[in-house]
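Input: a single structure, listed below in structure tokens.
The values are calculated or read from the model by the stated rules, or taken from the named source; none is laboratory data. As the structure is a computational prediction, the values presented were derived from the model and not from experiment. Note that we place each Cβ from the backbone using ideal geometry, even for glycine, and neighbour counts take in every protein chain shown. Remember, those area values only see protein heavy atoms, side chains included, never the ligands or the DNA or RNA. Shrake-Rupley method; radii C 1.70, N 1.55, O 1.52, S 1.80 Å.
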Amino acid sequence: MTVIVLSGPIGAGKSSLTSILSKYLGTQPFYESVDNNPVLPLFYKDPKKYAFLLQIFFLNTRFHSIKAALTDDNNVLDRSIYEDSLFFHMNADIGRATKEEVATYDELLDSMMKELEHMPKKHPDLLVHIDVSYETMIKRIQKRGREFEQLDYDPTLEDYYKRLLSYYEPWYENYDYSPKIKIDGDKLDFMASEKDRQEVLDTIVAKLKEMDKLPEDWTPSHN
Ligand SMILES: Nc1ncnc2c1ncn2[C@@H]1O[C@H](COP(=O)(O)OP(=O)(O)O)[C@@H](O)[C@H]1O
Ligand SMILES: Nc1nc2c(ncn2[C@H]2C[C@H](O)[C@@H](COP(=O)(O)O)O2)c(=O)[nH]1
């Protein structure tokens, strides 16, 4: 079957769409365990001290989840190793990592990506990117309610989030590990609107059929 990876800024809707899409396709969801991440709250308290440690934590968990996903060949991944470097280099660019940490990270990432080349399935079949504006991103972060992600907790997060969005634009354009599609996360409320949810699912299924990853006559009842 297929391996689909979700991508997009913080709060874009990746975990939510992973759940919706995996149920619709009858495949297995792989979620990023943020709530079991002991370093994440430490990072938001002291980004300079914890940026490198947090990135090694994420890189390790993402490496294992993408390997499992590429072995299983029938799943949807909520974010993947492919965005890891975006986050770390953005933090390094704002002085939150030493040049030694950047060199160590880049070497480790390179070794891990080379390791993935030996997998039976080397890359995902499709990247589904959820594009959101800053305003929508903040609304979604507030709605989800993680205290350390809120602007009230740390007003400097406004610049951090705006910078993150600016890094995502070239990242998506340069992404070439698989075919990709972009979902307008500002326009499509796939949580509250059945019509919007169906439009998103139809877009993804049409792309999978175009790629011969689903038969032309596939319908959800196949599951
Ligand atoms: N398309 C959407 N429209 C409205 N609310 C959404 C949408 N996608 C996600 N949400 C809400 O935004 C919050 C963040 O969603 P989540 O799936 O956790 O994002 P991510 O995994 O990208 O960080 C959640 O409260 C979720 O219910
Ligand atoms: N410094 C990094 N932070 C990261 C990375 N991946 C996710 N995150 C942060 C952003 C959010 O606070 C939280 C969950 O991310 P969502 O996009 O699922 O909301 O973790 C990373 O690689 N580096």
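Candidates 118, 123: the one that is part of a loop (DSSP other than H, G, I, E, B) and out of contact with any strand residue (DSSP E or B) (no Cβ under 9 Å at 6 or more places or on another chain) is 118. Residues that are open to solvent by 80 Å² or more (accessible area, probe 1.4 Å) and under 30 Å from residue 119 (Cα atoms) within the stretch 147-201 comprise 169, 173, 174, 176, 177, 182, listed in sequence order.
Report whether or not residue 159 is more than 19 Å from residue 127 (Cβ to Cβ), of a type in the set (D, E, K, R) and modelled with pLDDT of 95 or more.
Working: more than 19 Å from residue 127 (Cβ to Cβ): yes; of a type in the set (D, E, K, R): yes; modelled with pLDDT of 95 or more: yes.
The answer is yes for residue 159.
With respect to residue 100, is the statement that it is within 16 Å of ligand 1 (Cβ to nearest atom), over 19 Å from the mean Cα position of the chain (by Cα) and at negative phi true?
Criteria not met by residue 100.
Counting only residues that are away from ligand 1 (no atom under 14 Å from the Cβ) and polar (S, T, N, Q), the stretch 139-157 holds 1 of them. Pairing each residue of the stretch 122-140 that is closer than 17 Å to residue 178 by Cβ with any residue that is modelled with pLDDT under 95 and within 12 Å of ligand 1 (Cβ to nearest atom), provided the two are 6+ apart or on different chains, yields C-beta distances under 8 Å for 124/77.
Within this structure, residue 40 passes the test of being surrounded by 16 or more Cβ atoms within 10 Å (Cβ to Cβ) and either within 16 Å of ligand 2 (Cβ to nearest atom) or of a type outside the set (A, V, I, L, M, F, W, C) (or both).
Filter the stretch 49-80 for residues that are of a type in the set (Lys, Arg) and within 12 Å of ligand 2 (Cβ to nearest atom); which is surrounded by the fewest Cβ atoms within 10 Å (Cβ to Cβ)?
Among residues in the stretch 49-80 that are of a type in the set (Lys, Arg) and within 12 Å of ligand 2 (Cβ to nearest atom), the one surrounded by the fewest Cβ atoms within 10 Å (Cβ to Cβ) is 62.
Where strands (runs of 3 or more DSSP E) fall wholly inside the stretch 1-82, the ranges with 3 or more residues that are in contact with a Lys or Arg (Cβ under 8 Å, 6 or more places away or on another chain) are 3-7.
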